[in-house]
1. For residue 129, indicate whether it is surrounded by 14 or more Cβ atoms within 10 Å (Cβ to Cβ) and out of contact with any Ser or Thr (no Cβ under 9 Å at 6 or more places or on another chain).
2. Looking for something within 15 Å of residue 119 (Cα to Cα) and of a type in the set (Val, Ile, Thr) - is there at least one such residue anywhere in the stretch 140-156?
3. Wholly within the stretch 10-73, which strands (runs of 3 or more DSSP E) include no fewer than the required count, namely at least 1 residues that are of a type in the set (Phe, Trp, Tyr) and within 16 Å of the ligand (Cβ to nearest atom)?
4. Which residue out of 154, 188, 222 is of a type outside the set (Lys, Arg) and outside the structural domain of residue 101 (by TED's automatic domain parsing)?
5. Any idea how many residues of the stretch 235-249 are crowded, with 22+ Cβ neighbours inside 10 Å and more than 11 Å from the ligand (Cβ to nearest atom)?
Amino acid sequence: MKKTTNINNCPICNSTLINRVIIAYDKTMRSLSSLYPSNLFFKDYKKISLQIYQCQRCSFAFLNPRLSREGLNQLYGNLYKTVYYDDKRRHKEFQYQDYFKKLKHLKKDGPGKLLDFGCNTGVFLKIAQDNCWDVMGIELSYQASQIAKKRLGNDRIITGAIDELKNLDIQFDIISFLNVLEHLPDPNLYIKIASRKLSPGGLLFIVVPNYDSIRRILIGENWSLILLEHINYFTRDSVAYLASNNGLILKQGGPIDYEIFNRGFFEKIKKMFRKNEGSSYSFSYGRDALIKLAFLALITDFAGLAINRGDFIYYVMAKKSL
Ligand SMILES: [Zn+2]
């Protein structure tokens with residue numbers, strides 16, 4: 001394995017009581033290496049096994065070993081060259097409309113100051129800006145941040161990482177991390193710095209993969225969210241730890257509605273019906289199998305949403321008042 005690091009302590013609570021719970025393969029790397037055969041990074045990682053460890057103390061789950069910072073930078077460099085910042089593929093507007101609806105309910109007295117950390121191309125911030133929020137975004141990817149600047153105005157977007165947040169002399173009513181914390185090597189550090197930038201009564205709004213998802217429990221290593229770039233998988237207990245470590249109170253959490261009929265689930269289940277194992281693109285099923293799959297996907301979607309066991313979950317943390 002290349003450019004990886006091993007973890008001996010839980011990244012959230014620092015416990016050494018960690019156990020391996022899943023061994024999987026990254027299907028995205030396989031697909032990308034066949035779509036972009038000349039890309040050496042995808043080729044190198046297409047057969048890598050992804051091992052998930054879980055902390056016995058706080059139940060946080062994480063890839064171990066995982067890409068080092070250098071490895072992660074290379075991964076994102078390669079992903080951004082291909083599909084990653086393409087709005088149509090990754091950043092569906094209805095998903096962000098759903099996030100915004102939740103965020104709006106958090107601040108009953110009207111629009112406020114919002115910072116979106118890892119704002120990508122600014123689709124979410126644009127929705128907030130159109131609803132009179134005073135918005136700002138930080139984005140590491142140069143390409144994505146340039147698109148965001150065009151969308152929102154140059155002065156609204158900072159290209160950079162955690163140091164940019166550290167150096168900002170502004171306080172925000174809400175700071176959001178939407179599908180971002182699962183990519184960051186040290187979620188504690190990010191939450192710590194963000195919590196210092198909240199105004200009194202300010203809130204953190206995060207959306208993260210839910211390790212207790214009903215699909216993860218049902219299909220295990222075939223869960224669509226097990227990816228080389230997803231180094232963290234959260235549970236309610238581990239989010240509560242993350243909050244209390246950093247002087248925050250976990251206020252609420254809940255399902256993300258846009259998940260209904262999640263495409264990723266289909267892809268993973270399809271594998272079970274695959275006739276030709278040799279090629280990742282030769283699927284073949286009968287009509288009956290498709291109907292069964294659709295039914296299963298729908299059941300797990302609704303069941304997941306009903307009991308907070310969807311693939312993604314949102315949490316709100318509040319700054320303790322002094
Ligand atoms: Zn832990």
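The values are calculated or read from the model by the stated rules, or taken from the named source; none is laboratory data. From a predicted model like this one, the values you see are computed outputs, not experimental measurements. Cβ: placed from backbone, ideal geometry, glycine included. Neighbour counts: every protein chain shown.
1. Numbers: surrounded by 14 or more Cβ atoms within 10 Å (Cβ to Cβ): yes; out of contact with any Ser or Thr (no Cβ under 9 Å at 6 or more places or on another chain): yes.
Yes.
2. Within the stretch 140-156 (the criterion being within 15 Å of residue 119 (Cα to Cα) and of a type in the set (Val, Ile, Thr)), the answer is yes, since at least one residue qualifies.
3. Numbers: elements: 18-25, 49-55, 61-63.
By residue number, 49-55, 61-63.
4. Details: 154 fails: outside the structural domain of residue 101 (by TED's automatic domain parsing); 188 fails: outside the structural domain of residue 101 (by TED's automatic domain parsing).
Exactly one residue qualifies, and that residue is 222.
5. Looking only at that region, the number is 3.
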